[in-house]
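The values are calculated or read from the model by the stated rules, or taken from the named source; none is laboratory data. Keep in mind the model is a prediction, meaning the values are calculated, not measured. All Cβ positions, even for glycine, are placed from backbone atoms using ideal geometry, and neighbour counts span all protein chains on display.
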Amino acid sequence: MEVKNCKDCGRLFNYLGGNMLCPECTRKLDDKFSDVKQYIYDNPQASIQQVSEEMEVSIGQLRTWVRQERLEFTEASLVGLNCEKCGAMIRSGRFCLNCKGKMTETLKSVYKPVNESSKKASDANGRMRFLDN
Ligand SMILES: [Zn+2]
Ligand SMILES: [Zn+2]
(Lines give C-alpha, C1' and ligand atoms only; values in the text may rest on other atoms or scores of the structure.)
(Ligands and ions follow the chains in the order given, each with its own letter.)
Protein backbone atom coordinates (compact mmCIF):
# COMPACT_ATOMS: atom_id res chain seq x y z
CA MET A 1 0.00 0.00 0.00
CA GLU A 2 1.29 3.43 -0.99
CA VAL A 3 0.53 6.67 0.80
CA LYS A 4 0.30 9.78 -1.35
CA ASN A 5 -0.84 13.38 -1.14
CA CYS A 6 -4.19 14.07 -2.77
CA LYS A 7 -3.70 16.15 -5.90
CA ASP A 8 -6.69 18.28 -4.99
CA CYS A 9 -6.82 18.83 -1.23
CA GLY A 10 -3.30 17.69 -0.31
CA ARG A 11 -4.46 15.20 2.32
CA LEU A 12 -2.55 11.94 2.71
CA PHE A 13 -4.41 8.87 1.56
CA ASN A 14 -3.84 5.22 0.66
CA TYR A 15 -3.14 5.25 -3.06
CA LEU A 16 -4.75 2.35 -4.92
CA GLY A 17 -3.92 3.44 -8.47
CA GLY A 18 -5.79 5.63 -10.92
CA ASN A 19 -6.44 9.25 -10.01
CA MET A 20 -4.11 10.90 -7.51
CA LEU A 21 -7.15 11.82 -5.45
CA CYS A 22 -8.23 10.90 -1.95
CA PRO A 23 -11.54 8.98 -1.59
CA GLU A 24 -13.30 12.18 -0.52
CA CYS A 25 -12.16 14.13 -3.61
CA THR A 26 -12.86 11.15 -5.86
CA ARG A 27 -16.42 11.11 -4.55
CA LYS A 28 -16.74 14.87 -5.10
CA LEU A 29 -15.37 14.51 -8.62
CA ASP A 30 -17.83 11.71 -9.38
CA ASP A 31 -20.70 13.89 -8.14
CA LYS A 32 -19.41 16.67 -10.34
CA PHE A 33 -19.18 14.30 -13.26
CA SER A 34 -22.85 13.32 -12.85
CA ASP A 35 -23.83 17.00 -12.70
CA VAL A 36 -21.79 17.81 -15.80
CA LYS A 37 -23.24 14.86 -17.67
CA GLN A 38 -26.76 16.01 -16.77
CA TYR A 39 -25.91 19.57 -17.81
CA ILE A 40 -24.64 18.43 -21.21
CA TYR A 41 -27.74 16.27 -21.59
CA ASP A 42 -29.95 19.29 -20.86
CA ASN A 43 -27.80 21.68 -22.92
CA PRO A 44 -26.57 19.73 -25.93
CA GLN A 45 -25.50 22.96 -27.63
CA ALA A 46 -23.20 24.00 -24.79
CA SER A 47 -19.54 24.42 -25.71
CA ILE A 48 -16.78 22.99 -23.56
CA GLN A 49 -16.00 26.55 -22.37
CA GLN A 50 -19.61 27.14 -21.40
CA VAL A 51 -19.84 23.85 -19.50
CA SER A 52 -16.62 24.75 -17.71
CA GLU A 53 -17.97 28.15 -16.64
CA GLU A 54 -21.47 27.00 -15.72
CA MET A 55 -20.36 23.92 -13.82
CA GLU A 56 -17.20 25.41 -12.34
CA VAL A 57 -15.10 22.57 -13.69
CA SER A 58 -11.78 23.28 -15.38
CA ILE A 59 -11.54 22.72 -19.11
CA GLY A 60 -8.61 20.44 -18.31
CA GLN A 61 -10.89 18.23 -16.20
CA LEU A 62 -13.57 18.19 -18.92
CA ARG A 63 -10.95 17.19 -21.48
CA THR A 64 -9.72 14.45 -19.18
CA TRP A 65 -13.23 13.01 -19.02
CA VAL A 66 -13.61 13.29 -22.78
CA ARG A 67 -10.22 11.64 -23.32
CA GLN A 68 -11.27 8.83 -20.98
CA GLU A 69 -14.33 8.59 -23.22
CA ARG A 70 -16.57 9.11 -20.22
CA LEU A 71 -18.00 12.27 -21.77
CA GLU A 72 -19.00 12.97 -25.31
CA PHE A 73 -19.80 16.32 -26.80
CA THR A 74 -22.35 16.80 -29.55
CA GLU A 75 -21.52 18.16 -33.02
CA ALA A 76 -22.68 21.61 -31.95
CA SER A 77 -20.29 21.82 -29.01
CA LEU A 78 -17.11 20.54 -30.55
CA VAL A 79 -15.25 23.74 -29.75
CA GLY A 80 -12.05 23.05 -27.89
CA LEU A 81 -11.42 19.39 -28.51
CA ASN A 82 -8.97 18.40 -31.20
CA CYS A 83 -7.28 15.27 -32.43
CA GLU A 84 -3.82 15.17 -30.82
CA LYS A 85 -2.27 14.21 -34.14
CA CYS A 86 -3.88 16.25 -36.93
CA GLY A 87 -5.93 18.79 -34.96
CA ALA A 88 -9.27 17.76 -36.48
CA MET A 89 -12.36 18.35 -34.33
CA ILE A 90 -13.33 15.23 -32.41
CA ARG A 91 -16.18 14.34 -30.09
CA SER A 92 -14.50 11.85 -27.82
CA GLY A 93 -11.17 10.20 -27.10
CA ARG A 94 -7.78 11.52 -28.18
CA PHE A 95 -7.61 11.00 -31.94
CA CYS A 96 -9.93 11.36 -34.91
CA LEU A 97 -11.11 8.24 -36.72
CA ASN A 98 -8.78 9.01 -39.61
CA CYS A 99 -5.69 9.07 -37.37
CA LYS A 100 -6.88 6.04 -35.38
CA GLY A 101 -7.06 4.17 -38.70
CA LYS A 102 -3.62 5.38 -39.79
CA MET A 103 -2.10 4.38 -36.46
CA THR A 104 -3.47 0.87 -36.88
CA GLU A 105 -1.87 0.76 -40.34
CA THR A 106 1.46 1.96 -38.93
CA LEU A 107 1.28 -0.70 -36.27
CA LYS A 108 0.74 -3.37 -38.93
CA SER A 109 3.63 -2.15 -41.10
CA VAL A 110 5.93 -2.12 -38.07
CA TYR A 111 5.21 -5.77 -37.39
CA LYS A 112 5.16 -6.88 -41.02
CA PRO A 113 8.95 -7.26 -41.66
CA VAL A 114 9.24 -9.42 -38.56
CA ASN A 115 6.41 -11.63 -39.70
CA GLU A 116 7.76 -11.94 -43.24
CA SER A 117 11.13 -13.20 -42.00
CA SER A 118 9.68 -16.67 -41.61
CA LYS A 119 7.01 -18.28 -43.76
CA LYS A 120 5.18 -19.74 -40.82
CA ALA A 121 4.84 -16.36 -39.09
CA SER A 122 3.65 -14.77 -42.31
CA ASP A 123 0.88 -17.36 -42.54
CA ALA A 124 -0.14 -16.55 -39.02
CA ASN A 125 -0.18 -12.88 -39.95
CA GLY A 126 -2.45 -13.59 -42.92
CA ARG A 127 -4.83 -15.48 -40.73
CA MET A 128 -4.89 -12.64 -38.22
CA ARG A 129 -5.72 -10.15 -40.95
CA PHE A 130 -8.49 -12.43 -42.10
CA LEU A 131 -9.95 -12.47 -38.59
CA ASP A 132 -9.65 -8.65 -38.44
CA ASN A 133 -11.86 -8.27 -41.49
ZN1 LIG B 1 -8.50 15.12 -1.60
ZN1 LIG C 1 -6.49 13.21 -36.57
Of the criteria (1) part of a loop (DSSP other than H, G, I, E, B); (2) at pLDDT below 90; (3) surrounded by 16 or more Cβ atoms within 10 Å (Cβ to Cβ), which one Val66 fails: (1)
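Residue-wise test of (1) more than 19 Å from the chain's Cα centre (by Cα); (2) farther than 14 Å from Trp65 by Cα; (3) part of a helix (DSSP H, G or I).
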position	(1), (2), (3)
Asp8	yes, yes, no
Gly17	no, yes, no
Glu24	yes, yes, yes
Leu29	no, no, yes
Phe33	no, no, yes
Tyr41	yes, yes, yes
Could you tell me whether the range 76-87 includes any residue that is part of a helix (DSSP H, G or I) and away from ligand 2 (no atom under 16 Å from the Cβ)? yes
I'm checking my understanding of the structure. Among residues of the range 3-51 that are within 16 Å of ligand 1 (Cβ to nearest atom) and among the hydroxyl-bearing types (Ser, Thr, Tyr), which one is nearest to Arg63 (Cα to Cα)? Thr26
Based on what the data block shows, is Thr106 over 30 Å from Gln50 (Cα atoms), exposed (fewer than 14 other Cβ atoms within 10 Å of the Cβ) and either at pLDDT below 70 or within 16 Å of ligand 2 (Cβ to nearest atom) (or both)? yes
Would a scan of the range 5-20 turn up a residue that is farther than 17 Å from Ser92 by Cβ and among the aromatic types (Phe, Trp, Tyr)? yes
